[in-house]
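The values are calculated or read from the model by the stated rules, or taken from the named source; none is laboratory data. Note that the structure is predicted; figures quoted are calculated from it, not measured. Cβ atoms come from the backbone with ideal geometry, glycine included; neighbour counts cover every protein chain shown.
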Amino acid sequence: MSTDNMNAADINKKEPGKKPDKRFSLMMGRHRGRLAQIPIYLGKDFRMFIFQTDWKVLPMSALIAGMIGFVVGENMFVTMEGTFQCSLALTCICIWNGFFNSIQSVCRERPIIKREHRSGMHISSYIIAHLIYQMFLCVMQAMLTVLVFNLVGVKFPEAGFITQWFRVDIWITLFLITYAADITSLFISCIVRNTTTAMTVMPFMLIFQLVFSGGAFTLSGPAAILTKITISNYGLVALCAQGNYNSLKSVTLWNTIFKLRDSSEEIKQALYIVEKEGQLENILVESGKSMQVAEYATTHANIYSCWIHLAVFAVLFAILSIVVLEFIDNDRR
């Protein structure tokens, strides 16, 4: 038996006349309680945040949100097309942020975890500390995204559908998307052997979330079933539902017709009459009614269902992270 795997009782059994090493006893006492270990590893995470520039994920998420808000944010909550495009972009932003937060957090210190686990570290305490720390990052990133969108001129509705404030509603959704992606990435970091492998796997995960979001491509058959196991699907549905997608006007039909204005004098004259008689708004509203999507219904049940699914993703992968890392001593890689 190696010294790392011994406890104080084993030492006494091997050498009855000799007291256990004082440093070994102190170490075992210091690492005995699961709850007592959580603040130790949480403090380590925050020291890395401050001194090892992990804080850079915050300005990076703000920069990405600024670019997206500047490009597609003008028509969000104004038209169906603008709301859908910005909701899909927001979902991708949150998943990107969550994946980058934790994809290297465990695998980069795998040898240290193995050594400390043999010395008395509880895996559950280590993972819980990461869960708390990653929650802090996700809370801040969601807040920055809402703030930046507000600064670049995105017109948020004032009244919320779940709470009294719409910004609080959308912040909850952004946080849950980011945190679900974050803990999924944490699980991947627990099973890969090094940071190189982790960074190789991450693009595939991002593409999978985008392709099977149910928004970027029209899916049917078995492919449509996969949307039910993606974070992106529930994030997109929640954002569109909160944005009251089905009650907005659609500009696709009008824009298509408007592009044909120079192809025929009759079309140009018809467009002139429509605009002169003030019928444009009615056309946009009627176009919106024909393009409603049942999945984006603005109901409490729909939004709560999306929130619950996102929370389940986070809880599930948190548990799997603990289970997988418990076997780290068997890792001979």
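Quick notes on this one:
- Exactly one residue out of Val146, Val152 is crowded, with 17+ Cβ neighbours inside 10 Å, over 27 Å from Leu320 (Cα atoms) and either of a type in the set (A, V, I, L, M) or touching a helix residue (DSSP H, G or I) at 6+ places or on another chain (Cβ under 9 Å) (or both): that is Val146.
- Of the numbered criteria (1) closer than 22 Å to Ala198 by Cα; (2) surrounded by fewer than 18 Cβ atoms within 10 Å (Cβ to Cβ); (3) under 21 Å from the mean Cα position of the chain (by Cα), the one Pro111 fails is (3).
- Contacts under 6 angstrom Cβ, first residue in region 234-251 being on the phi > 0 side of the Ramachandran plot and outside any loop (DSSP other than H, G, I, E, B), partner surrounded by 24 or more Cβ atoms within 10 Å (Cβ to Cβ) and among the polar types (S, T, N, Q), 6 or more apart: none
- So Leu310, is it touching a Phe, Trp or Tyr at 6+ places or on another chain (Cβ under 9 Å) and modelled with pLDDT of 95 or more: yes
- Selection from region 51-82 of residues that are in contact with a Ser or Thr (Cβ under 7 Å, 6 or more places away or on another chain) and within 21 Å of Met291 (Cα to Cα): Met76, Phe77, Thr79, Met80, Glu81
- Just so you know, in region 187-208 the residues that are of a type outside the set (A, V, I, L, M, F, W, C) and surrounded by 14 or more Cβ atoms within 10 Å (Cβ to Cβ) include one that is nearest to Lys114 (Cα to Cα), and it is Ser189.
- When residues of region 150-180 are limited to those that are aromatic (Phe, Trp, Tyr) and either closer than 18 Å to Ala297 by Cα or part of a helix (DSSP H, G or I) (or both), the one modelled with the lowest pLDDT: Phe161
- When Glu275, Glu281, Glu286, Glu295 are checked against the criterion of being among the acidic types (Asp, Glu), in a helix (DSSP H, G or I) and modelled with pLDDT of 85 or more, Glu295 stands alone in meeting it.
- Of the helices (runs of 4 or more DSSP H) lying entirely inside region 42-122, those containing at least 1 residues that are among the charged types (D, E, K, R) span 80-102, 110-118.
- Screening Glu158 against (1) charged (D, E, K, R); (2) surrounded by fewer than 20 Cβ atoms within 10 Å (Cβ to Cβ); (3) in contact with a helix residue (DSSP H, G or I) (Cβ under 7 Å, 6 or more places away or on another chain); (4) touching a residue at least 24 places away in the same chain (Cβ under 8 Å) leaves a single unmet condition, (4).
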